[in-house]
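The values are calculated or read from the model by the stated rules, or taken from the named source; none is laboratory data. Every value quoted in this text rests on a predicted model; they were computed, and no experiment measured them. Glycine gets a Cβ as well: all are built from the backbone with ideal geometry, and neighbour counts include every protein chain shown.
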Amino acid sequence: MAALPAMRQLGCLRSLMRTPKFSPMHLSSRFISTVYSKKPEPIPFPQNLPQQFRSQIPIRLQPEQAPKKMKVYPPPPSSRAVCKDPVAHVAQSQMAVLDPNGERKALFDYRRNPRSVKPGDIVRVTFKNGDPFNGVVLSIRLRGVDTSVLLRNELTRVPVEMSVKTFSPNVQSVEIIQRSQRKTRRARLYYMRFVLELLGSPPENLLQFRALY
Amino acid sequence: MNPRLGKLLQLSTPLWGVQWMPVRSLGIRSLNPPKPSKYDTGPGLPVLESAPEAALRRKARTTPHRTGAITIKKGMTAIYDQETGKRTPCTVLQLDRVEVVSHKTPKQHGYYAVQIGAGWKHPENMTKSLLGHFSAHGLSPKRHVCEFRVKNESGLVPVGQTIDASWFQEGQFVDARSNSKGKGFAGVMKRHGFGGQDRSHGVSLTHRSLGSSGPGQGGGSRVYPGKKMAGNMGNHQSTVQNLKVLKVDAENGIVVVTGSVSGPKGCVVRIQDAIKKPWPEIGPAATAESEIALTEEPAATAAA
């Protein structure tokens with residue numbers, strides 16, 4: 001049948017029919033370098049060795065003179081294992097004092113909290129000395145204790161920007177005056193600095209200004 | 001006569017009946033050894049300014065009384081003052097298994113210093129000689145070892161004593177020395193702040209190079225030693241002085257200092273009492289703790 005020309009193409013399957021042959025020689029051959037050889041046991045020093053032979057043996061090989069086994073002491077408990085991230089530890093201890101309820105954190109965590117302050121909102125920050133400052137939020141810099149917001153406003157037709165550290169003890173309260181009319185497409189609204197220049201004269205009211213953009 | 005031959009050969013009168021052997025003296029010897037002057041001996045003479053004692057005396061005012069500690073720079077954050085609301089940027093340092101390894105004394109080494117070790121290194125990755133150095137004092141192998149100069153023997157903390165973060169007090173000032181960040185091979189503009197050359201006006205291909213490396217025939221036609229040139233920048237030791245300790249957390253081994261410290265995160269920072277501020281007052285509590293630690297340590301080693 002195998003001789004039939006039509007079946008000749010199936011000759012390639014012949015190797016599947018064969019039973020695999022493993023030669024024991026092939027399996028056991030290894031490189032000399034990989035052959036495991038057990039470390040030889042040290043030959044004990046002969047007892048009752050006459051003095052004339054003993055003096056011929058090098059001093060370091062004589063049992064009394066052999067180098068002493070060095071004792072390696074275990075390490076003391078590690079403070080590094082106790083506190084893996086000391087920077088976070090210091091920052092958290094700060095946060096526990098500055099923002100014990102986590103309200104301020106939630107107010108500016110615009111990545112996670114949908115009700116937080118967002119870029120484009122108009123907020124009023126009241127400081128401890130009583131000064132208020134209104135402004136459009138240009139950017140929120142989320143850095144743990146160092147979180148800050150960049151506010152922009154026009155005071156007596158002079159553009160003013162103020163970076164406020166949100167967790168500073170000087171900041172008494174932060175309230176949202178107006179949410180942005182539509183969703184801003186970017187997180188940093190620095191382009192708003194140039195919008196006023198294009199307008200020529202800034203609008204009287206900040207809310208109007210915000211309504212334009 | 002050959003000066004290398006010993007004195008015996010140089011005797012003018014021969015000794016009869018003695019077998020003569022040339023005596024070899026090895027090493028370099030002065031042909032004209034200094035003769036002691038009769039005016040240079042006796043009590044009450046001033047110590048020469050070039051002597052090591054004089055050098056130690058000059059340094060005594062600015063040598064700290066206490067040893068410092070090896071710390072690891074962990075990063076920076078900020079601390080707010082609750083009353084004033086002032087924000088202070090700070091660097092967080094961590095002490096890890098800082099122990100006294102050995103001492104340096106004037107008799108043997110010429111000065112007082114405390115050798116401090118920190119961290120832990122696997123004994124297999126350590127040379128046998130260094131391992132023996134630690135084992136001889138009953139200490140585990142240390143990853144970082146360095147020494148801190150102290151003024152006198154009262155600053156020599158006993159070997160084996162642990163130095164934790166409470167060694168430093170909140171409000172005291174420290175000097176922090178560490179290796180700055182390496183910048184690699186840098187040009188003169190970056191490395192020394194040279195002005196570079198013009199963008200145009202005929203300058204070609206040498207906009208950022210140095211102009212001249214020195215005068216010609218009038219100046220000796222050579223480059224003077226120490227000429228500022230391009231080369232390896234950074235990764236050299238830099239000391240930041242007078243950093244205030246803002247926070248100490250002995251449990252976690254944290255020391256927080258004001259401002260910045262040279263080097264990347266994870267680098268070794270050595271902190272010691274600031275030499276330009278009054279030495280800190282060591283409270284009785286700190287010394288009591290150290291005594292307790294001292295009494296406990298020998299018992300622990302005996303048990304081990």
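If the condition is being out of contact with any Ser or Thr (no Cβ under 8 Å at 6 or more places or on another chain) and aliphatic (A, V, I, L, M), then the stretch B:62-103 contributes B:ALA69, B:ILE70, B:ILE72, B:VAL101. Evaluate the stretch B:171-181: report whether one residue or more is away from chain A (no Cβ under 14 Å), surrounded by fewer than 18 Cβ atoms within 10 Å (Cβ to Cβ) and in a strand (DSSP E or B). Yes; the residues of the stretch B:171-181 include at least one that is away from chain A (no Cβ under 14 Å), surrounded by fewer than 18 Cβ atoms within 10 Å (Cβ to Cβ) and in a strand (DSSP E or B).
Residue by residue, here is whether (1) within 20 Å of B:ILE79 (Cβ to Cβ); (2) in contact (Cβ under 8 Å) with a residue 40 or more places away in the chain holds:
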| position | (1), (2) |
| --- | --- |
| A:PRO76 | no, no |
| A:ARG112 | no, no |
| A:LYS118 | no, yes |
| A:ARG143 | yes, no |
| A:LEU155 | no, no |
| A:VAL158 | no, no |
| A:THR166 | yes, yes |
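Taking the criterion of being under 13 Å from B:ALA230 (Cα atoms) and surrounded by 12 or more Cβ atoms within 10 Å (Cβ to Cβ), the residues of the stretch B:184-207 that qualify are B:ALA186, B:GLY187, B:VAL188, B:MET189, B:LYS190, B:ARG191, B:HIS192, B:PHE194, B:GLY196.
For (1) within 14 Å of chain B (Cβ to nearest Cβ); (2) surrounded by fewer than 15 Cβ atoms within 10 Å (Cβ to Cβ); (3) touching a helix residue (DSSP H, G or I) at 6+ places or on another chain (Cβ under 9 Å), each residue gets a yes or a no:
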residue: A:VAL145; (1), (2), (3): yes, no, yes
residue: A:VAL149; (1), (2), (3): no, no, yes
residue: A:VAL158; (1), (2), (3): no, yes, no
residue: A:LYS165; (1), (2), (3): yes, no, yes
residue: A:ASN170; (1), (2), (3): yes, no, no
residue: A:ARG182; (1), (2), (3): no, yes, no
residue: A:ARG186; (1), (2), (3): no, yes, no
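A single entry from A:SER93, A:SER55, A:SER79 fulfils the requirement of being over 54 Å from the mean Cα position of the chain (by Cα) and among the small types (Gly, Ala, Ser): A:SER55. Only one of the numbered conditions (1) within 30 Å of B:LEU243 (Cα to Cα); (2) more than 9 Å from chain A (Cβ to nearest Cβ); (3) at pLDDT 95 or above; (4) assigned to a loop (DSSP other than H, G, I, E, B) is not met by B:LYS151, and that is (3).
Yes or no, residue by residue, for (1) at positive phi; (2) not in a loop (DSSP other than H, G, I, E, B):
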residue: B:LYS228; (1), (2): no, no
residue: B:ASN235; (1), (2): yes, no
residue: B:VAL240; (1), (2): no, yes
residue: B:VAL245; (1), (2): no, yes
residue: B:VAL248; (1), (2): no, yes
residue: B:VAL256; (1), (2): no, yes
residue: B:GLY263; (1), (2): yes, no
residue: B:GLY266; (1), (2): yes, no
residue: B:ARG270; (1), (2): no, yes
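Restricting attention to the stretch B:74-105, the residues that are under 16 Å from B:GLU147 (Cβ atoms) and surrounded by 14 or more Cβ atoms within 10 Å (Cβ to Cβ) total 7.
Condition check for B:GLY193 on (1) closer than 24 Å to B:SER260 by Cα; (2) within 14 Å of chain A (Cβ to nearest Cβ); (3) free of Cβ contacts under 8 Å to residues at least 24 places away in the same chain: one failure, at (2).
Meeting the requirement of 1 or more residues that are within 14 Å of chain B (Cβ to nearest Cβ) and of a type in the set (A, V, I, L, M, F, W, C), the helices (runs of 4 or more DSSP H) wholly within the stretch A:29-115 are A:79-82, A:86-98.
Pairs are defined by a Cβ separation below 7 Å, a sequence spacing of at least 6 or placement on different chains, a first member in the stretch B:24-40 that is exposed (fewer than 10 other Cβ atoms within 10 Å of the Cβ), and a second member that is not basic (Lys, Arg); the pairs so defined are B:ARG29/B:PRO3; B:LEU31/B:PRO3.
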